[in-house]
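Peer 1: Let me begin by handing over the structure; questions about it come next.
The values are calculated or read from the model by the stated rules, or taken from the named source; none is laboratory data. As the structure is a computational prediction, the values presented were derived from the model and not from experiment. Note that each Cβ is placed from the backbone with ideal geometry, even for glycine, and that neighbours are counted across all protein chains shown. Ligands, DNA and RNA are excluded from the accessible area calculation, which covers all protein heavy atoms including side chains. Shrake-Rupley method; radii C 1.70, N 1.55, O 1.52, S 1.80 Å.
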Amino acid sequence: MKLCDHHLHSEFSDDSETKLTDIAEQALYLGMSEICITDHHDIDYPKDEEGHTFLLDTSRYISAVRKLQEQYKDKLTIRLGVELGLMSHIADKIIAYTDKYHDFDFIIGSSHLVYGKDPYYPAYYEGRSEKEALLEYFESILANVQTFDNYSIYGHLDYAVRYCPSGEAAFRFSDYGDVFEAILKTIIEHGKGIEINTGSLYKNMTYAHPHPEILKLYKELGGEIITIGSDAHVPKYIGYDFETYARDILTATGFHYYCTFEQMKPVFHKL
Ligand SMILES: [Zn+2]
Ligand SMILES: [Zn+2]
């Protein structure tokens, strides 16, 4: 059985122009039986140079995904998800959002911003070492997992590594072992999970998020809930390296199952 993609962006995300039907067609072409669309919603994202706000027109999005589900109901299971930016200092606004919309099957909690600053831009790393910048990123994730309960899995845990000026060479797992232990223990205790995000592999990194040592620690601490996502913003990256990387690293780390989500509950599938 082909691994199912649970991290996909369409034209409802500010940074994608992909039609929902093109995602469904590509998933069918790849032989997937189930996918989950997870468009961006980042509250308080500072408008960038291209005018992106990363706010999802949620009502229109939900209607469009419902229509897609109906259209493909005999061929492909399509779940309704969202990639929700988490920031502990605006927890009230973020919790109000998920209190308002109960429709989601799956919510990826992600850190695209650190207290409003965007690690995508070089300015985030200026005036300090990359180690300090990354530590702040990871500590903000710890604050988020201690604050929020309204998500299914935490997305791309070490996302900021992708944008470090010296790339993945800037990251040494041993520098952040304690923080990751605290993050992962909290995620497990709260019944949440993490994802393998292969997006980094088509962005010139040699491993998928999270780093294999983080994945290993998650397993050692008793973590079981794990989804697989390509983070594709264009159809060609859907399912990227799932069968050639994700399956292998999960199996090598000792996982026997991966998850999809339905109505916010994990469904386990044998690897
Ligand atoms: Zn993301
Ligand atoms: Zn994403």
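Peer 1: How large is the accessible surface of Cys4 in square angstrom, using a 1.4 angstrom probe and rounding to the nearest 10?
Peer 2: 0 Å²
Peer 1: Using only the Cα atoms of the range 77-147, build the gyration tensor, take square roots of its eigenvalues as a ≥ b ≥ c, and label the shape rounded, prolate or oblate: rounded if a/c is under 1.5, else prolate if a/b is larger than b/c, else oblate.
Peer 2: prolate
Peer 1: Specify whether the C-alpha gyration tensor of the range 209-271 places it in the rounded, prolate or oblate class, a ≥ b ≥ c being the square roots of the eigenvalues: rounded for a/c under 1.5, otherwise prolate if a/b is larger than b/c and oblate if not.
Peer 2: Because a/c hits 1.5 or more and a/b fails to exceed b/c, the range 209-271 counts as oblate.
Peer 1: In debye, nearest 20: dipole of the range 80-156 around its Cα centre with unit charges on the Cβ of K, R (+) and D, E (-)?
Peer 2: 120 debye
Peer 1: Classify the range 122-271 as rounded, prolate or oblate from the Cα gyration tensor: take a ≥ b ≥ c as the square roots of its eigenvalues, call it rounded if a/c is under 1.5, otherwise prolate when a/b beats b/c and oblate if not.
Peer 2: Since a/c reaches 1.5 but b/c is at least a/b, the shape of the range 122-271 is classed as oblate.
Peer 1: Let me ask something else about it. Please compute the per residue accessible area over the chain with all protein chains in place, 1.4 Å probe, rounded to a whole number of Å².
Peer 2: Ligands and nucleic acids excluded, the figure is 43 Å² per residue.
Peer 1: Something else about it: Given N residues in the chain, what is Rg(Cα) / (2.2 N^0.38 Å)?
Peer 2: Taking N as the residue count of the chain, the ratio is 0.94.
Peer 1: Still on this model: When the C-alpha atoms of the range 1-83 are aligned to their principal axes, what extent does each axis show, in angstrom, from largest down?
Peer 2: 41, 22, 17
Peer 1: Given points 7 Å out from each Cα along the Cα-Cβ axis, report the His89 to Lys47 separation in nanometres with one decimal.
Peer 2: Simple spin-label model gives 2.1 nm for this pair.
Peer 1: Right, next: Of Phe173, Phe242, which has the most accessible area and how do the rest follow, probe 1.4 Å?
Peer 2: Highest to lowest solvent-accessible surface, that is Phe173, Phe242.
Peer 1: About its Cα centre, what dipole magnitude does the chain give when the only charges are +1 on Lys and Arg Cβ and -1 on Asp and Glu Cβ, stated in debye to the nearest 20?
Peer 2: I would put it at about 680 debye.
Peer 1: Given the -39500 (n - 2.57) contribution per DSSP H run of 4+ residues, what per-residue ellipticity at 222 nm results for the chain, rounded to the nearest 500 deg cm²/dmol?
Peer 2: Computed mean residue ellipticity for the chain: -9000 deg cm²/dmol.
Peer 1: For a quick check: with amide H placed at 1.01 Å from N, whose amide H comes under 5 Å from Gly193's, ignoring anything fewer than 5 positions away on the same chain?
Peer 2: Ile153, Tyr154
Peer 1: Then there is this: What longest range of the chain stays clear of loop-exposed trypsin sites (Lys or Arg not before Pro) (DSSP non-H/G/I/E/B, at most 14 other C-beta within 10 angstrom)?
Peer 2: The answer is 204-271.
Peer 1: Here's something else I'd like to know. Please report, as a whole percent, how much of the solvent-accessible surface of the chain comes from carbon and sulfur atoms (probe radius 1.4 Å).
Peer 2: Taking all protein chains in place, the chain shows 49 percent carbon and sulfur surface.
Peer 1: Please list the non-local residues whose amide H lies under 5 Å from the amide H of Arg79, H modeled 1.01 Å from N, same-chain partners needing a gap of 5 or more.
Peer 2: For Arg79, whose amide H was placed from the backbone, the distant partners under 5 Å are Ile35, Cys36, Ile37.
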